[in-house]
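The values are calculated or read from the model by the stated rules, or taken from the named source; none is laboratory data. None of these values were measured; they are calculated from a predicted model. A quick note on method: Cβ atoms are made from the backbone with ideal geometry, for glycine too, and the neighbour counts reach across all protein chains shown.
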């Protein structure tokens, strides 16, 4: 399990109308490799608003269509639910993710 990987989660939230949703791991690698049972993730949506806190992803990352990682909606997920691997971000996309996370959290 690594930072920047995408996983499909089935019924991640009772309030989510979709039966499954893809999430991108955004936690630092030290936390992912630790004994902590959760990691911080950002949901992936097919509707993109083109704002600075979204990272465009698509077929190159293992998805079926163009989508966006929503860095404004971070959640903590159990490592146990991250089993359905979809793909991973390139180094360039990781840099975009870092910038979007900085904007979303106000750390500039």
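Output the number of the condition that residue 38 fails; it satisfies all remaining conditions of (1) more than 12 Å from the chain's Cα centre (by Cα); (2) modelled with pLDDT under 95; (3) surrounded by 12 or more Cβ atoms within 10 Å (Cβ to Cβ).
That leaves (2) as the condition not met.
How many residues are in contact with a helix residue (DSSP H, G or I) (Cβ under 6 Å, 6 or more places away or on another chain) and either in contact (Cβ under 8 Å) with a residue 40 or more places away in the chain or in a helix (DSSP H, G or I) (or both) when one looks only at segment 56-87? Before the answer, list the steps.
Restricting attention to segment 56-87, the residues satisfying the condition of being in contact with a helix residue (DSSP H, G or I) (Cβ under 6 Å, 6 or more places away or on another chain) are 71-72, 87.
Those still in the list that are either in contact (Cβ under 8 Å) with a residue 40 or more places away in the chain or in a helix (DSSP H, G or I) (or both) too: 71, 87.
Here the count works out to 2.
Report yes if some residue within segment 91-105 is part of a strand (DSSP E or B), closer than 19 Å to residue 33 by Cα and modelled with pLDDT of 95 or more; otherwise report no. Walk me through it before giving the result.
Residues of segment 91-105 that are part of a strand (DSSP E or B), as a first pass: none.
The answer is no, given that none of the residues of segment 91-105 is part of a strand (DSSP E or B), closer than 19 Å to residue 33 by Cα and modelled with pLDDT of 95 or more.
How many residues are closer than 15 Å to residue 4 by Cβ and without any contact (Cβ under 8 Å) to a residue 40 or more places away in the chain if we restrict to segment 44-55?
The initial filter retains those residues of segment 44-55 that are closer than 15 Å to residue 4 by Cβ, namely 44, 55.
From what's left, without any contact (Cβ under 8 Å) to a residue 40 or more places away in the chain: 44.
Selection size over segment 44-55: 1.
Would you mind telling me which numbered condition in (1) touching a helix residue (DSSP H, G or I) at 6+ places or on another chain (Cβ under 8 Å); (2) surrounded by fewer than 22 Cβ atoms within 10 Å (Cβ to Cβ); (3) closer than 22 Å to residue 95 by Cβ residue 48 fails?
(1)
Can you tell me which residue within segment 18-30, out of those that are touching a strand residue (DSSP E or B) at 6+ places or on another chain (Cβ under 8 Å) and either assigned to a strand (DSSP E or B) or at pLDDT 95 or above (or both), is surrounded by the fewest Cβ atoms within 10 Å (Cβ to Cβ)? Break it down into steps so the answer makes sense when it comes.
So in segment 18-30, the residues touching a strand residue (DSSP E or B) at 6+ places or on another chain (Cβ under 8 Å) come out as 19-27.
Then drop every residue that is not either assigned to a strand (DSSP E or B) or at pLDDT 95 or above (or both), which leaves 20-27.
Working: 20: 11, 21: 18, 22: 26, 23: 26, 24: 26, 25: 24, 26: 22, 27: 21.
Checked segment 18-30; the qualifying residue surrounded by the fewest Cβ atoms within 10 Å (Cβ to Cβ) is 20.
So residue 6 clears everything in (1) within 20 Å of residue 105 (Cβ to Cβ); (2) crowded, with 18+ Cβ neighbours inside 10 Å except one condition, right? Which one?
Unmet condition: (1).
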